[in-house]
Each structure stands twice: as C-alpha cells, then as structure tokens.
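For reference, the structure is listed below as structure tokens.
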Amino acid sequence: MFQYLLLQSVVIPIVAALACYLAAPKLGKHVGWIAFAGLFASTFLLIAYGWQQLFTGGAPISESYSWAPTASLTFGFLADGLSFPVAVLVNLVLGATAVYSMPYMQNRIKSLYGEERPASYGMYYLNFLLVSAGLVGIALSTNLIELYLFVELVLIPTFVIISLFGYVQKERVSIIYIMWNQLGAFVFLAGIALFYSSTGTFDLTSASLAKAAAAPLAYWIVGLILAGWLVKMAVFGLHMWLPITEAEPPTSFAPTMAVVSGIGAYVIARVLFFGMPGIFSAFSLPLMAWAVITMFYGGVVATAQSDVKYIFAWSTMSQTAYSILGLASASALGAAGAVFFFGSQILGKFVMFAVAGILLTQTGLRDSRKMGGLAGKMPFTAALFVLGALILSAVPPTSGFQAEWMMFAGIFSQGAQGSSTFLVVAVLGLIATMFTVAYTFWPIKRIFFGQPVAGLEGVREAPLTMTLPLLGIVVASILIGIYPDIVSKFLLGAASTIGTGVIP
C-alpha cells in the first residue's frame, strides 16, 4: 500500500469523485460519506506513513513517474517538512467540509429547485473532490508544469460549483472568478516558460533552482511567478474579484475557496523563498509594504460589513496578506510561520464560514443586523463561533497564536537586523492584526448576544452533521496550539534547509 503513498493520496479523491457522481441518483446527499471516506483514506495514508518517517527526522518521501519519455518529462510527488503539513491540514479541512456539505447542500438544492434532485449531489461532490485532489497535488508537486496542471484542476471545478450552486448572479460571479484566476495562472505560466528557457527543465530540484537563480532572467522568473500568485491571492489592487467569489458560492464551499486563495503562500515559499532566496529577497520591502496595505484595507472593509458571508470573504483578503508579510520578511522563521499561519487560518476560516452557513440554513438570513439573541437558541453554534474567532484572532491556546507569534518573531528579527524601514513595516503589520479581533468578535455580540429579534422564535440548533465537523476542526486547532511541534517541527526543519531547493 505504501509503495505509491503520495500518488494514492491524490488519486483516491479522484476515484471517490467518480463514485459520488455514479452513486448520487440512489444515495442522494449521503454520497457525502463516500467523499469523506476518500479524503479520510488520503489523510490516513499521509499520516500513517509520512508522520512516522518525517517527524523522526527521516528522509523526505519522494516518488517519480514517467510522463513523456521522448520529451524527458517526469512527474513526481514529494512529502517533506514543508509540503507534508500543508497536505494534511488541507485534507482535514476538506474532509470536515465534505460532511458539513450534506445537510447544507440539501437545503441549497431545495432552495434552487424546490425539490430534491439526487443527481445534483453527485455533481457537487464530483467537482468538490476534484478541487480537493488538485489542492493536495499542488502541495506535493515537484515539477512546475505538473504544478500548473493541478492549479488548472482546481480552477475548472470551482467554476462549475459557483455557476451551478451559487447565490446572487452566480453565472456572473463564476465568470469573474475564472477570468481573474486564469489571468494569475497565465502570468504564472509565463514565469514557468522563462524558468524552462533558463534551465532546460521544469523540475524543481536544487540544481535547477540554483541554475534559474544564476540566470540573466532570474528576476523576471521570480517576478512573474510572484505576480501570478499575488493575483490569485487577491492583494490590494488585484482584489476586486475575491469578496464576491467567496461570498456568493454555496457556503459549504466557501472554506474551500479560502484554501484555494491561501495556498499561494505555500507555492511562493516552496518555489521562490526556499528555492531562490537570494533573488526573492530583492522583492522583500515592497512586498512587505503591499502586504500591510492589504491587511489594513481588507480588515477595515471586513469590519464595515453586515452580511456574515461578506465579513469573512473580505477577511480572507486580509488574512492571506499575513502570510505574504511573513514570506516577504525574507526570514526563514518568518516564512515557516507564514506557511503555519496559512494552515491555521484555513482551520479558523472553516469554522467561521461554516457558522455563517448554519445561520443561513437555520434563520434564512445573512444580514447580522436582522439577527440577535441567538445564543439561547443555538448555544453550541454560538460556542463554535467564539472558538473560531479565537483561532483567527490568534488567542492561546489555539493554533493561530502559535502560528502568528512564529511568523512575527521572524518578521521582527529581520526588521531588527535590517533597516529601520523594515521595522516600521513590521510594527504596522502587527497593528493591522487588531482588525481581526474587531471583525471576528463584534458579530458575536450582535448575532448571539444582542437583543432577540422578532420572527426568530422558532430557530433551533443545526443537525450534528453540520456542527460536529466544526468541533473536530476546533479540537485540531487547540491540539496544535498546545503542542505546536505537530506542525512547527516540520516547518522549522524545512526552514533550516533554505537554499537547498525542493529535493535536498
């Protein structure tokens, strides 16, 4: 079983996707359990073998397969200190999402069509699992063309889910999403082309990355790859597409959208920071400033929202910029913290978006101004919302605290050693974190502890299939917060190899 461990971790969700599509006419929403089983199996394979080998300081797990022998192309997968925790955390969030989606999509499909349509569950889970496979493939890829293909695998099914199951102007929103993300992918592809022209290979090895870093076009390679992912991460000025494309898809898919946006932090860390650190450092100061502007802008606008989905859609823009700031610090500790922060952020964002979906299904409302006093009717949901806010606000003992202090320790250490400008930007970044507390905690008072609103007397707790996945993710975050070595040991080990490339 372990001979093709990494390949199986990507292929199993694809097989489960086909199974969901075929079984949906008979099983209806319960095909979600097939999706969960596929993601659980993928996660189990990674943890059962990868954890034992990597946590004890063993060699990275690497697999290589022939792709196009005449063109000397291979594709491969790598689980090391950087990719392994990312793949596992992504799978955990998506596994929880698969269970949560069953009751949510039942409500959504009835709202769209006025009746049960069992085949629609098959279409949803087919595309959901393809996105899942693409995200894990991005984390494990060792080849730039392979990485690009997994990016495209994420793009198309996301477009389908938004266009079929979204809310306001879902067709228009899906077009906005695919146009902006295809633009980012095109710029990324241009960087890949320059990489190949400079190295003669698409493989992300230490030798090829060193050759690219020494090439005359090295700054163009890094600049284009960076620009492509900054579009996909929706930094300020390139952010117009993000809020609507996270707020208007089905809420069960919104946490996955946060993963799609945030995984660029991992790609930048893998390819540019750890692969070509000398060239990447030239972009450090302007990128830090850009990240801080994005943090402030996203935080301010999120605080001003009343629609619970738009609060957390705008917050994704701000939260993703935290990771960019950590990477831009050009500090190994800051970069490791940035990837850690991405992992923690998707845990917290899952909880917050999922609660927004619970509120929508149980009250029929998205506007927080029309809700109030719901803690008495939904105490479990209220507690989960508070815990999700603690994760995003980096309050101990959650994973958010461990990730944020590691990241800012790296940022400030770089600022203390460099120019005063770096230190000023670092301080501004720390100040910007105050907005997270504002836009996560003020809705708690308004929605759950404000004055009861007429018309909501019959509101009840959501089914356990909606709430228990949130509890599982909260428990995972607290475990990581209490014992951060679960994640940080891998990332700090990877940080110690800076400059050695993807394959040591």
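The values are calculated or read from the model by the stated rules, or taken from the named source; none is laboratory data. These numbers come from a predicted model, not from an experiment. Using ideal geometry, Cβ is built from the backbone for each residue, glycine included, and neighbour counts are taken over all protein chains shown.
Tabulated data for the structure shown
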| item | result |
| --- | --- |
| Selection count where residues are crowded, with 20+ Cβ neighbours inside 10 Å and hydroxyl-bearing (Ser, Thr, Tyr), scope the stretch 1-20 | 1 |
| Residues that are surrounded by fewer than 20 Cβ atoms within 10 Å (Cβ to Cβ), more than 20 Å from ALA438 (Cα to Cα) and of a type in the set (Val, Ile, Thr), drawn from the stretch 393-415 | none |
| Residue in the stretch 183-197 that is surrounded by the fewest Cβ atoms within 10 Å (Cβ to Cβ), counting only those that are touching a helix residue (DSSP H, G or I) at 6+ places or on another chain (Cβ under 7 Å) and not small (Gly, Ala, Ser) | LEU183 |
| Number of positions in the stretch 55-87 that are surrounded by fewer than 24 Cβ atoms within 10 Å (Cβ to Cβ), hydrophobic (A, V, I, L, M, F, W, C) and closer than 27 Å to ASP485 by Cα | 4 |
| Selection status of VAL292, out of contact with any Ser or Thr (no Cβ under 9 Å at 6 or more places or on another chain), among the β-branched types (Val, Ile, Thr) and in a helix (DSSP H, G or I) | yes |
| The stretch 24-50, subset of a type in the set (Gly, Ala, Ser) and buried (at least 19 other Cβ atoms within 10 Å of the Cβ), residue farthest from GLY76 (Cα to Cα) | GLY28 |
| Tally, over the stretch 488-502, of residues that are buried (at least 18 other Cβ atoms within 10 Å of the Cβ) and either under 22 Å from MET352 (Cα atoms) or modelled with pLDDT under 85 (or both) | 4 |
| Residue within the stretch 262-277 that is crowded, with 24+ Cβ neighbours inside 10 Å, within 30 Å of VAL308 (Cβ to Cβ), touching a residue at least 60 places away in the same chain (Cβ under 8 Å) and not small (Gly, Ala, Ser) present | yes |
| Residue in the stretch 446-478 that is surrounded by the fewest Cβ atoms within 10 Å (Cβ to Cβ), counting only those that are among the aliphatic types (A, V, I, L, M) and free of Cβ contacts under 8 Å to residues at least 12 places away in the same chain | ALA454 |
| Residue count, the stretch 177-201 (criterion: closer than 19 Å to MET257 by Cα and among the hydroxyl-bearing types (Ser, Thr, Tyr)) | 1 |
| Subset tally (residues that are within 19 Å of ALA254 (Cβ to Cβ) and either surrounded by fewer than 22 Cβ atoms within 10 Å (Cβ to Cβ) or among the hydrophobic types (A, V, I, L, M, F, W, C) (or both)) for the stretch 280-302 | 2 |
| Matching helices (runs of 4 or more DSSP H) fully within the stretch 1-62 where at least 3 residues are within 18 Å of MET105 (Cα to Cα) and β-branched (Val, Ile, Thr) | none |
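For (1) in a helix (DSSP H, G or I); (2) over 27 Å from the mean Cα position of the chain (by Cα); (3) free of Cβ contacts under 8 Å to residues at least 12 places away in the same chain; (4) farther than 19 Å from TYR266 by Cβ, each residue gets a yes or a no:
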| position | (1), (2), (3), (4) |
| --- | --- |
| LEU189 | yes, no, no, no |
| ALA215 | no, yes, no, yes |
| VAL231 | yes, no, no, no |
| PRO243 | yes, no, no, yes |
